[in-house]
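**Student:** Would you mind keeping the following structure in view while I ask a few things?
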Amino acid sequence: MNLVTLPVNIEEIDYAELPKLQKLSVETFNDSFRHFRASKDFSNYTLKNYNYGQLAKEMLNLRSRFYFIYYNHKLAGYLKPNFATEALEIDRFYLRKDFEYIGLEKQLLEFTLKKAKELRQHHIWSRIWEHDDSVLHFYKQFGFQKTTSRNFSLNGVLQKDLIMELNL
């Protein structure tokens, strides 16, 4: 029996992909946090953080990159790492709903680890919502550990992100 492996490509994007990035950013954020969808604050968040101007500004930042991941030639999600002197932050790591839990998460994280090592980063970190158990478990499988936390407000409710770090 022959197993067919469908192609996976991870590609850095440029300014020409801004409309696609904007649409994907809103879609994946809304899907990830859909249980907050009814709130006006939630809509305001996506309008503020995923509008063309904001995303264009982020694309022009020399310390940030955006990557699309394609599965079987279909846009499956995106990654936004931020690079500092000795650390790489996984700022955004989103997959479309139909592409979750098929191994693309692992491929994106392995891609990120490879980039960090190429750029001689000493550690990688990311903010994970404290109630997102599946994502916390995923990061722990790769050796990430909680180091601290940060509060944020969503829907007027105080929430907490856990800072997960991995030393390289």
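FYI, it's all coordinate maths here, none of it is from the lab. Everything quoted here is computed from the prediction, not taken from an experiment. Note that we place each Cβ from the backbone using ideal geometry, even for glycine, and neighbour counts take in every protein chain shown.
**Student:** What's the exposure ranking of 28, 85, 46, going from fewest to most Cβ atoms within 10 Å?
**Tutor:** Lowest to highest Cβ neighbour count: 85, 46, 28.
**Student:** I need 124, 13 ordered by Cβ neighbour count within 10 Å, fewest first.
**Tutor:** 13, 124
**Student:** Can I ask one more? Just for segment 8-167, what percent of DSSP beta bridges are antiparallel, to the closest 5?
**Tutor:** Close to 90 percent.
**Student:** Where in segment 50-98 are there GluC sites (Glu not before Pro) that are in a DSSP coil and have at most 15 other Cβ atoms within 10 angstrom of their Cβ? The partial results should precede the final answer.
**Tutor:** Values: sites: 58, 86, 89; in loops: 86.
Hits after loop and neighbour filter: 86.
**Student:** I would also like to ask the following. Looking at the P(r) of the chain, how many percent of alpha-carbon pairs lie beyond 26 Å?
**Tutor:** For the chain, the share of Cα pairs beyond 26 Å comes to 30 percent.
**Student:** Taking amide H atoms as placed 1.01 Å from N in the peptide plane, list the residues 5 or more away in sequence, or in a different chain, whose amide H sits under 5 Å from that of residue 64.
**Tutor:** Amide H to amide H, under 5 Å and 5 or more residues apart or across chains, residue 64 pairs with 83.
**Student:** With θ taken as phi - 60° and the coefficients 6.51, -1.76 and 1.60, list the Karplus ³J(HN,Hα) couplings across segment 74-86 in order, rounded to whole Hz; mark glycine and proline as x.
**Tutor:** Values per residue, Gly and Pro as x: 10, 5, 9, x, 8, 9, 10, x, 10, 10, 10, 4, 10 Hz.
**Student:** Evaluate the relative contact order of segment 8-167 (contact order divided by residue number), counting alpha-carbon pairs under 8 angstrom at least 6 apart; express in whole percent.
**Tutor:** 19 percent
**Student:** If I model a spin label as a point 7 Å beyond the Cα along the Cα-Cβ vector, how far apart are those points for residue 51 and residue 131 in nm?
**Tutor:** 2.8 nm
**Student:** Using DSSP to define loop residues, name the GluC sites (Glu not before Pro) in segment 104-168 whose beta-carbon has at most 15 other beta-carbon atoms within 10 Å.
**Tutor:** Of the GluC sites (Glu not before Pro), the ones in loops of segment 104-168 whose Cβ has at most 15 other Cβ atoms within 10 Å are 130.
**Student:** Now for a separate question. Which order do 96, 120, 127 fall in if you start with the one that has the fewest other Cβ atoms within 10 Å? Let's see the in-between values first.
**Tutor:** Details: 96 18, 120 9, 127 15.
Least to most surrounded, the residues fall as 120, 127, 96.
**Student:** If you don't mind, there's one more thing I want to ask. Out of residues 5 or more away from residue 168 or on other chains, whose amide H comes under 5 Å of its own, with H placed 1.01 Å from N in the peptide plane?
**Tutor:** Excluding prolines and chain starts, which carry no amide H, the hits are 123, 124.
**Student:** Lysine pairs, Cα distance under 25 Å, 8 or more residues apart or cross-chain: how many in segment 60-152?
**Tutor:** Step by step, the pairs that qualify in segment 60-152 add up to 24.
**Student:** In nm, to one decimal, how far is the residue 63 label point from the residue 6 one, both placed 7 Å along Cα→Cβ?
**Tutor:** Taking the simple label geometry, residue 63 and residue 6 are separated by 3.7 nm.
**Student:** Once label points are set 7 Å from the Cα along Cα→Cβ at both residue 123 and residue 110, what is their separation, rounded to one decimal in nm?
**Tutor:** With each label placed 7 Å out from Cα toward Cβ, I get 2.6 nm.
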